[in-house]
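Report on the following structure.
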Amino acid sequence: MKSGYKILWTDHSISELEETIDYLENYWSERELRKFSAKLDHTIELISKTPDMFPYSFEKKGIRKAVVEKYNNLYYRIDKNSIEIVSLFSNRKNPDKKKL
């Protein structure tokens, strides 16, 4: 992946990614998993190259929201030379459990 900004994942976002993968492995086909992975990679590449492309979220100041798929949103903040992914939230969860 060619990128402009370095991508950093928080411990919380890594945990959410692992939960999402576990869920998808149980309920989705291998083909759907590959499509999700490709969409996630593409979204991260877009964020890395043009981080201002996605809108600010309404939940917390300074956090942007990128829709990976209708069931998954990626929340991130822009630092000087890096992008910090703070959450990969599954929209199947209760919104009150969102940690940004």
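Secondary structure note: in the chain, about 75% of the DSSP beta bridges are antiparallel.
Peptides 24-31, 71-78, ordered by how many other C-beta atoms sit within 10 Å of their residues on average, highest first, read 71-78, 24-31. Computed in the context of the full set of protein chains, the accessible area of the chain at 1.4 Å probe radius has 50% of its extent on carbon or sulfur.
What do you get for the angle between helix 11-27 and the principal long axis of the chain? Use alpha-carbon atoms, 0 to 90 degrees, nearest ten. Here the helix axis deviates by roughly 30 degrees.
What do you get for Rg/Rh over the chain if you use C-alpha atoms and the Kirkwood form of Rh? So for the chain, dividing Rg by the Kirkwood Rh gives 0.95. In terms of accessible area, using a 1.4 Å probe and ignoring ligands and nucleic acids, 12, 42 rank largest first as 42, 12.
The values are calculated or read from the model by the stated rules, or taken from the named source; none is laboratory data. Computed from a prediction, not measured in an experiment: that's the story for all the values here. All Cβ positions, glycine included, derive from the backbone under ideal geometry; neighbour counts span all protein chains shown. Remember, those area values only see protein heavy atoms, side chains included, never the ligands or the DNA or RNA. Shrake-Rupley method; radii C 1.70, N 1.55, O 1.52, S 1.80 Å.
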